[in-house]
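The structure under discussion appears below in the form of structure tokens.
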């Protein structure tokens with residue numbers, strides 16, 4: 001029959017039943033009246049004699065049989081009513097679930113977007129990156145220009161291969177000149193990725209030839225910001241690096257090459273084939289595998305070509321090989337471990353939350369035994385009861401899950417917004433809550449619901465029904481109590497594991513933060529830029545102009561009040577970017593190709609070390625006399641001195657340096673204390689410093705030490721830069737402290753997130769202990785009351801309750817301690833100078849957890865001592 | 001009905017026996033719920049006092065099984081009441097229950113009275 005029909009029938013049945021029962025009461029009243037009772041008394045006794053009218057009505061209606069829908073609706077209504085009747089329990093459970101499921105969902109959102117979803121390109125599984133591999137180490141190195149050309153010509157594995165190079169681009173016209181991040185790419189780059197431009201076209205081979213007219217593609221964001229999103233930008237000529245470039249296209253929003261930060265402009269690389277063999281190693285590459293070619297085949301192919309080029313150009317390529325890596329791996333390899341570690345930690349939080357809610361439900365189930373037994377006695381089937389209990393836990397789980405989802409949906413963008421701009425999390429722009437995340441959240445909620453719903457439901461079979469109805473039947477069964485105790489031990493153990501992990505990460509971060517960088521970062525302002533001389537007719541003139549521009553800028557800046565020192569370096573320390581090259585002692589024979597040594601190379605202006613606050617150990621800094629045409633000079637750091645001149649004074653000795661323009665061996669004029677260039681967590685490599693005046697670099701970072709607040713000096717310095725070079729834009733203006741902070745942003749975030757998880761876990765475990773001890777005290781009120789009546793000291797009762805709680809906590813702490821000893825080794829690679837079994841961390845965390853457990857026990861223990869024996873005895 | 005047996009057993013015995021008593025009572029003619037309770041009590045000489053809370057679930061269950069059917073009629077006092085009446089199926093069920101009951105009574109009697 002139709003749904004409406006069925007509802008109407010049931011309504012009518014309800015009405016008739018009501019009338020029938022009313023009639024019965026009326027008849028009974030009439031009978032008693034006939035026997036002599038007054039009307040009111042008769043009615044009262046008639047009703048009382050009937051028993052529980054409401055219950056009888058319910059059970060009678062039950063005899064009609066329910067449809068599945070009505071059963072479900074009934075259970076749902078009942079579950080909601082139960083939740084409303086115990087607000088404290090419901091709140092506690094919902095908060096625990098919202099935190100657990102919310103944090104897990106948030107973490108999954110990030111993991112899904114970064115690690116699981118394929119890259120947003122056409123057939124992304126076929127995209128690979130090709131690196132060169134140096135002779136001495138199995139790492140990936142950027143690629144030499146001629147090698148790239150040879151790979152492109154001779155390979156048999158790729159549809160196409162392209163080279164790319166990140167470089168700041170000076171954008172002029174309409175307002176202040178700015179430097180924006182840009183990318184030089186070879187033709188075919190966009191076709192390899194398979195992304196079509198939003199407007200216009202991409203770079204064609206004709207554009208990628210040396211001497212061809214300049215063209216440029218715009219990033220979507222730049223198009224909106226600087227060109228108002230107008231379609232007439234196509235065909236316009238804009239001035240980049242002093243030269244006109246025609247805008248040929250605009251890329252769609254969200255497009256960027258995943259291993260690099262966002263690029264605003266794309267220009268053709270225009271490789272000069274004649275100059276290619278003499279170039280250094282600079283480029284990254286990307287390639288698309290041919291349809292039936294495997295990664296291994298491609299690697300073998302490229303390695304074979306690398307072997308050929310090693311023969312053809314041994315000075316450059318001897319013993320160098322190549323690596324082919326999937327683009328996805330390349331993108332996520334640095335974050336994968338961190339993300340998985342964080343995801344593992346958050347599942348611990350979820351487990352603790354579930355254990356907590358489980359415990360709460362078990363305690364409530366014990367309290368409702370009488371109700372359950374009555375229902376069974378009145379004819380409710382066992383499955384019906386189980387069904388109803390499961391409904392309750394599902395309602396709880398799903399509500400908690402929805403709250404958690406909301407938390408994640410709001411929280412993830414909020415946290416991402418708080419990250420520094422250059423934070424090394426790849427694909428950050430792609431992180432979003434999507435349907436897969438929703439499904440995950442629902443699955444987790446339902447899983448939780450089953451997990452903590454099943455335990456009390458299973459108790460329905462096992463509890464002996466008759467016990468439930470006796471007056472004294474308030475005690476939990478022994479099995480139930482053991483289960484609750486086990487859950488608390490598990491909770492505390494998991495919390496211990498998590499907090500130890502957090503403690504290790506925190507200690508590691510603090511040690512990292514306190515590491516001596518080798519220089520003084522306070523009150524130091526940095527301006528990063530690519531120096532763009534305007535007119536020059538030869539390479540030599542370009543170099544001369546670069547040197548002159550930098551000298552001019554520094555001279556002007558040094559005259560500013562409030563500036564105590566100023567200098568420049570080509571790549572700032574701690575930015576993750578460094579140059580390296582070969583150098584060797586001039587008084588020893590040159591090492592054969594393939595076994596050269598070297599280290600970092602830094603191009604600096606005079607007065608650099610004084611500006612940075614690094615210690616000069618011997619000799620002098622560069623000065624104005626060290627310019628083009630003067631004898632070539634160099635400064636080395638301690639590590640280089642130890643390596644190349646172990647027991648001698650390096651000052652005055654000469655080094656052969658491979659850094660164009662070649663001016664012959666350089667004389668060492670100074671030795672400086674190590675500066676941690678590549679990262680605070682790594683010791684300094686041997687480093688060679690060359691003067692900007694002799695080896696003028698296009699990349700320049702001005703460093704300015706101020707006497708007051710560095711940010712206040714920005715405007716004045718920019719003015720001086722403009723005065724020296726009106727068309728020069730700066731890319732990034734930052735204090736050195738900010739740069740340093742950004743270099744440890746990842747460990748900071750890891751530590752912060754883990755500490756938050758740890759605090760949540762600690763709170764949940766504390767609440768879990770509190771709830772269990774509280775309940776236990778409540779159950780034993782009579783026993784404790786009798787004890788107190790018999791003269792036991794309240795302090796004894798207090799200690800007894802504390803003992804019970806601390807035993808559970810102690811077992812949990814011990815279990816967590818042991819688990820941590822075994823499991824924290826997976827953190828080892830993320831820790832800096834802290835061993836995974838660090839004693840200080842383990843000891844302090846154990847103490848903290850013991851204190852938290854004590855706090856959780858204390859209130860119920862106090863309550864136990866306040867039990868009034870008289871009240872308890874009276875209840876008997 | 002005694003009050004010291006374990007509760008569970010009490011329910012089962014009550015269900016089967018109560019069904020039989022109700023069907024027997026209705027054999028004498030249609031009656032409403034209150035009347036059935038009064039009749040059982042009276043006929044048993046005040047020994048069997050049916051709990052009213054169990055009476056109506058039993059009646060509705062019997063009706064669902066098809067052994068009795070119901071009809072709204074007017075009482076002598078001009079009040080509307082639901083009257084129950086045995087069906088043919090119900091008659092068959094009653095005789096089946098009756099034989100079972102007799103068999104059980106004889107078996108118990110044999111145990112109680114040694115040969």
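Evaluate the range B:23-33: report whether one residue or more is within 8 Å of another protein chain (Cβ to nearest Cβ) and modelled with pLDDT of 80 or more. Yes, the range B:23-33 contains a residue that is within 8 Å of another protein chain (Cβ to nearest Cβ) and modelled with pLDDT of 80 or more.
Go through A:819, A:771, A:752, A:789 for me and flag whichever is surrounded by fewer than 17 Cβ atoms within 10 Å (Cβ to Cβ) and more than 15 Å from residue A:503 (Cβ to Cβ). So the residue among A:819, A:771, A:752, A:789 that is surrounded by fewer than 17 Cβ atoms within 10 Å (Cβ to Cβ) and more than 15 Å from residue A:503 (Cβ to Cβ) is A:789. Put simply, of A:404, A:381 the only residue that is modelled with pLDDT under 80 and either within 14 Å of chain B (Cβ to nearest Cβ) or buried (at least 18 other Cβ atoms within 10 Å of the Cβ) (or both) is A:381. Could you tell me whether the range A:108-119 includes any residue that is in contact with a strand residue (DSSP E or B) (Cβ under 6 Å, 6 or more places away or on another chain) and in a helix (DSSP H, G or I)? Checked the range A:108-119: no residue is in contact with a strand residue (DSSP E or B) (Cβ under 6 Å, 6 or more places away or on another chain) and in a helix (DSSP H, G or I). If you check A:249, A:243 for being assigned by TED's automatic domain parsing to the domain that holds residue A:168 and over 18 Å from residue A:190 (Cβ atoms), only one passes: A:243.
Exactly one residue out of A:648, A:667 is over 30 Å from residue A:736 (Cα atoms) and outside any loop (DSSP other than H, G, I, E, B), and it is A:667.
Can you pull out every residue in the range B:48-78 that is surrounded by 14 or more Cβ atoms within 10 Å (Cβ to Cβ) and either facing chain A (nearest Cβ under 7 Å) or at positive phi (or both)? Within the range B:48-78, B:51, B:52, B:53, B:56, B:57, B:60, B:61 qualify. In the set (1) touching a residue at least 12 places away in the same chain (Cβ under 8 Å); (2) more than 9 Å from chain B (Cβ to nearest Cβ); (3) farther than 30 Å from residue A:763 by Cα, residue A:112 fails one condition alone, (3).
Looking across the range A:1-50, the residues that are surrounded by 13 or more Cβ atoms within 10 Å (Cβ to Cβ), within 11 Å of chain B (Cβ to nearest Cβ) and more than 20 Å from residue B:70 (Cα to Cα) come down to A:28, A:29, A:30, A:31, A:46, A:47, A:49, A:50. The condition (being without any contact (Cβ under 8 Å) to a residue 12 or more places away in the chain and part of a helix (DSSP H, G or I)) is satisfied by just one residue among A:506, A:486, A:554, A:494: A:486. Scanning the range A:257-267 for residues that are surrounded by 20 or more Cβ atoms within 10 Å (Cβ to Cβ) and part of a loop (DSSP other than H, G, I, E, B) gives A:257, A:258, A:263, A:264. Every test in (1) within 8 Å of chain A (Cβ to nearest Cβ); (2) free of Cβ contacts under 8 Å to residues at least 24 places away in the same chain; (3) surrounded by 15 or more Cβ atoms within 10 Å (Cβ to Cβ); (4) not in a helix (DSSP H, G or I) is passed by residue B:81 save one, and that test is (2).
Is there a residue being assigned to a loop (DSSP other than H, G, I, E, B) and within 21 Å of residue A:543 (Cβ to Cβ) anywhere in the range A:581-604?
There is no residue in the range A:581-604 that is assigned to a loop (DSSP other than H, G, I, E, B) and within 21 Å of residue A:543 (Cβ to Cβ).
So, residue B:44, is that one away from chain A (no Cβ under 14 Å) and either modelled with pLDDT of 90 or more or at negative phi (or both) or not? Here the answer is yes, as residue B:44 does meet what is asked.
Among residues that are modelled with pLDDT of 85 or more, touching a helix residue (DSSP H, G or I) at 6+ places or on another chain (Cβ under 8 Å), within 30 Å of residue A:45 (Cα to Cα) and outside any helix (DSSP H, G or I), residue B:61 is not included. Scan the range B:8-15 and tell me whether some residue there is more than 25 Å from residue A:27 (Cα to Cα), away from chain A (no Cβ under 11 Å) and part of a helix (DSSP H, G or I). The answer is yes; a qualifying residue exists. Of all residues in the range A:363-373, those satisfying the criterion of being under 15 Å from residue A:386 (Cβ atoms) and in a helix (DSSP H, G or I) are A:365, A:369, A:371, A:372, A:373. When residue A:95 is tested against (1) touching a residue at least 12 places away in the same chain (Cβ under 8 Å); (2) surrounded by 17 or more Cβ atoms within 10 Å (Cβ to Cβ); (3) in a helix (DSSP H, G or I), only condition (1) is not met.
Take the conditions (1) surrounded by 18 or more Cβ atoms within 10 Å (Cβ to Cβ); (2) in a helix (DSSP H, G or I); residue A:284 misses just one of them, which is (2). Report whether or not residue A:846 is part of a helix (DSSP H, G or I), modelled with pLDDT of 80 or more and loosely packed, with under 12 Cβ neighbours inside 10 Å. So residue A:846 fails the test. Output yes when any residue across the range A:63-73 is surrounded by 14 or more Cβ atoms within 10 Å (Cβ to Cβ), farther than 30 Å from residue A:398 by Cβ, under 60 Å from the mean Cα position of the chain (by Cα) and within 11 Å of chain B (Cβ to nearest Cβ), and no when none is. Checking the range A:63-73: at least one residue is surrounded by 14 or more Cβ atoms within 10 Å (Cβ to Cβ), farther than 30 Å from residue A:398 by Cβ, under 60 Å from the mean Cα position of the chain (by Cα) and within 11 Å of chain B (Cβ to nearest Cβ).
The values are calculated or read from the model by the stated rules, or taken from the named source; none is laboratory data. Quick caveat: nothing in here was measured; it's all calculated off a predicted structure. Ideal geometry is used to build each Cβ from the backbone, glycine not excepted, and the neighbour counts take in all protein chains shown.
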